Amino acid sequence: MRKNPYLLPSGQRASRIEISDYLGGADFVHDESAVNAAYASKYKNFRIREGVLTDGWGIEECTLLGGAADVKYAWLYKKTEDGGETVTPMYCDGSGRVHAVKGGKDEILDGITARGTVSAADYRLYGTDVSLICSSVDGMAVYDGETARMVESSPKITSMALHYERLFVTSADAVTSVRFSDDLDPTNWSQSLDSGGFVELADGYGKSNKVVAFLNYVYIFRDYGISRMIAYADQSEFSVSNLYVSAGRIYPSSVAVCGDKVIFLSDGGLNVFDGLSTAPVLKSLGSITPKKDGAVGYWADGKYFLAYSSGGEKNDRLLVYDTLGGNAEISEGFEISSFVGCGTLAAVSQGRAVTVAPCGAAFGTPTKKVWRVPLGSIGKTDRMKTLESASLHTATDMELKIICDGRTRTFRLKGGANMKTVKIGMRGRRIGAEISSCGTGTRISGVTFALKT
């Protein structure tokens, strides 16, 4: 942002306030009057690319599950045989029935159910690639591409991590423990020195809610802390140490391994964990949302995706955090209840499989995009001034709203290659602006305000 003052012949002082790019992002922590014009005090559905505002993230229906309309969780099952690799989309519905989509046909698997929280992972079990389907209500099921079976005596699994050929899990029936399977057989949950077992975590960190395999360790995300388990082949040498105590609750479904770090949401906001220490990120976004229980995190395409609620029961906002560039983008107007565990950017929305992409739409309907220049940031708030004009470039039609001491004026600008300038002539002490667009193909670069005091 640049200010360029100069004197008019009348002795009045004029200046230009220029927002040359939008890389400052949003500031939801400070009062508007204390926020610099380079930051947005209100922001949604724009994506910031190379310093300009473009279409934000949205969802579009995909054919991954053949048009199924009662999807709760979904994943891909990959099986390698002599003929090559086959990929089978799978999902569980709202009743807990497990489906496999083969050749465009939806097949319900007999003999297994998956209710509650569901996760899945591929595993080569006795020479055959299988899908391990884990449920917080029904325990574990195994599907080999032809037949499916429930695993007797398995825990009611809420999260799982494969580590050194064992499956480590948190469970609904033993919330202060971490259980682990037999070596080389994640379907054997017998407890002995020669098979599986458990580690009891009886301390002040709270329940064990999420396990992840990271940096050759198993990390356990608790209500109020993170513990590290050293777990190699010999279970008699397993050990646990506590690394981090959180002042607020950690939300387990938000935890995602993101390359060389783990990102998670707590009461205080987003945090990055490197295996030893934890640091907050995106502090300008504050606590993000008053309701975090259902927030789900996912890592794809070098970005951390967090679907969360703005206060209701459904995840109606999406935060996309570019860990390399450090910027964050927020979109809303659509729902994401879970992400599809398939290594691609797919999700479940209102019972349907969708793709998540920077298309600026929700099922084909463009979202409304808003960037608010903070009220009071255009010129000094202790002086009366006149906002003479505003100039910017826009590729598509858009609106520019000027707010001045409680009064507003809205200008509709046509898209095109040339600079757009609007005459304003509003006088006051507290002046702000709001840039908005409802179409697609958005590209808004810079904005310059001409003032006279």
- line: Place a point 7 Å from the Cα of Arg407 in the direction of its beta carbon; the residues of the stretch 358-394 whose amide N falls under 19 Å from it are 375-390
field: Highest average packing first - 417-426, 253-262, Cβ atoms within 10 Å
entry: 253-262, 417-426
query: Which of Ile435, Phe363, Val218 sits farthest toward the positive end of the charge dipole of the chain, with +1 on the Cβ of Lys and Arg and -1 on the Cβ of Asp and Glu?
result: Ile435
message: Can you compute the modelled spin-label distance between Lys414 and Ala233, with each label point 7 Å from Cα toward Cβ, in nm?
response: 7.6 nm
message: Based on alpha-carbon centroids, what's the gap between the stretch 341-378 and the stretch 180-224 in Å, whole number please?
response: 36 Å
message: With just the Cα atoms defining each centre, how far is the stretch 239-318 from the stretch 56-110? Give it in Å.
response: 27 Å
- prompt: Based on the Cα gyration tensor of the stretch 297-399, what are the three equivalent ellipsoid semi-axes, each the root of five times an eigenvalue, rounded to whole Å and given largest first?
  reply: 34, 16, 15
statement: With R₀ set to 41 angstrom, the calculated FRET efficiency between the beta-carbons of Asp274 and Asp82, to the nearest 0.05, is 0.45
message: Can you tell me, using C-alpha contacts under 8 Å and at least 6 residues apart, the relative contact order of the chain as a whole percent?
response: 17 percent
- line: With Ser190 itself left out, Lys, Arg at +1 and Asp, Glu at -1 over residues whose Cβ is under 15 Å from its Cβ give -3
message: Quick check for you: with a 1.4 Å probe and neighbouring chains kept, what is the accessible area per residue of the chain, in Å²?
response: 43 Å²
field: Estimated dipole of the stretch 189-332 in Debye, rounded to 20 [Cβ of Lys and Arg +1, of Asp and Glu -1, Cα centre]
entry: 360 debye
query: For the chain, what is the charge dipole size about the Cα centre, in debye to the nearest 20, if Lys and Arg each add +1 at the Cβ and Asp and Glu each add -1 at the Cβ?
result: 3660 debye
message: Let me check something: with ligands and nucleic acids excluded, how do Phe363, Phe339, Phe305 order by accessible area (1.4 Å probe), largest to smallest?
response: Phe363, Phe339, Phe305
query: Which of these values of Rg and Dmax of the Cα atoms in Å was calculated from the structure shown: (1) 24.0, 91; (2) 23.8, 78; (3) 26.2, 92?
result: (3)
- line: In the stretch 371-410 the accessible area split gives carbon plus sulfur, as whole percent at 1.4 Å, a share of 42 percent
task: Tabulate in residue order the Karplus-calculated ³J(HN,Hα) for the stretch 237-249, using 6.51 cos²θ - 1.76 cosθ + 1.60 with θ = phi - 60°, rounded to whole Hz; enter x for Gly and Pro.
output: 9, 5, 8, 10, 10, 8, 10, 8, 10, 9, 6, x, 5
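The values are calculated or read from the model by the stated rules, or taken from the named source; none is laboratory data. Here the structure is a predicted model, which is why all the values come from computation and not from measurement. In this analysis, Cβ positions are derived from the backbone assuming ideal geometry, glycine residues included, and neighbour counts consider all displayed protein chains. We work out accessible area using only protein heavy atoms, side chains counted, and drop any ligands, DNA or RNA first. Shrake-Rupley method; radii C 1.70, N 1.55, O 1.52, S 1.80 Å.
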